[in-house]
Amino acid sequence: MKRYTNKDIFIFASVMVIIVATILSVVAMVLQPLQKKNIEINKKQNILLSLNMKVEKDQALEKYDQYITKTYVVNHNGERQQGEDAFSIDLKKELDKPLKKRNLPVFVASLKNEKVYVVPVRGKGLWGPIWGYVALKDDFNTIYGTNFSHQSETPGLGAEIATREFQKQFIGKKIFDESGEFVSVKVKKPGKTKGGPHEVDGISGGTITSKGVDQMLESILESYLNYFEKQKKS
């Protein structure tokens, strides 16, 4: 029986590593377009969900093109930024920048002769990031719909922010008070709300995640205030 030397073993191992690495690289290259397409579909589905539209995966691209009629990017002064693609903006990366350097995406939907404006939001939950979209009517005050998701919140507790039951509470709420001051929408302990226009019930047992949604809305929507005010005047 032939005995293999350390050199033989080393050569064999090296060849196998190269072969496996080559196969993995080829698979990754083949799957990359599919992965990008799935990310695009998922994002478009989530934007449509903030407009209270639940669409299947195979309809997402068509419905998005049908209802999202315009997209653009603004800065913290509410000025449009030329040459920027709203859909490709990564809000996580933008939030790492100073406010004055952030690119803020806007998605405009046309629904039954009504314009609705969708903006992305992102914050922190108990165990990881939370994110979503908020859709505003063309008064830039009344919430038309919301969609929230999370990375690793606790099932049955903080993860409830991803349910329609929680999200539907925001429909019709106002982010400005009667004097025109920005107040956002407060997420309060269950049973502590008075049914006012600026508050919703938080999640029972999910206090920290509820606070995360509260802070996320206030922080992100506040960065769009100059844009909202300019749109109101126009």
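The values are calculated or read from the model by the stated rules, or taken from the named source; none is laboratory data. Keep in mind the model is a prediction, meaning the values are calculated, not measured. In this analysis, Cβ positions are derived from the backbone assuming ideal geometry, glycine residues included, and neighbour counts consider all displayed protein chains.
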| said: Among the residues in region 207-220, are any surrounded by 15 or more Cβ atoms within 10 Å (Cβ to Cβ), touching a Leu at 6+ places or on another chain (Cβ under 8 Å) and part of a loop (DSSP other than H, G, I, E, B)? | reply: no
Within region 20-63, restricting to residues that are at pLDDT 75 or above and small (G, A, S), the one that is farthest from R164 (Cα to Cα) is A60
The one condition E229 fails out of (1) surrounded by fewer than 16 Cβ atoms within 10 Å (Cβ to Cβ); (2) within 25 Å of K97 (Cβ to Cβ); (3) in contact with a Pro (Cβ under 8 Å, 6 or more places away or on another chain) is (3)
Of the residues in region 49-62, those that are crowded, with 17+ Cβ neighbours inside 10 Å and either touching a residue at least 24 places away in the same chain (Cβ under 8 Å) or of a type in the set (K, R) (or both) come to L49, S50, L51, N52
*Flag if F182 is hydrophobic (A, V, I, L, M, F, W, C), out of contact with any Phe, Trp or Tyr (no Cβ under 7 Å at 6 or more places or on another chain) and surrounded by 13 or more Cβ atoms within 10 Å (Cβ to Cβ)*: no
Taking region 139-151 and keeping only residues that are surrounded by 13 or more Cβ atoms within 10 Å (Cβ to Cβ) and within 19 Å of G212 (Cα to Cα), one is left with I143, G145, T146, N147, F148, S149, H150
Of (1) in contact with an Asp or Glu (Cβ under 7 Å, 6 or more places away or on another chain); (2) within 18 Å of M53 (Cβ to Cβ), R164 satisfies every one except (1)
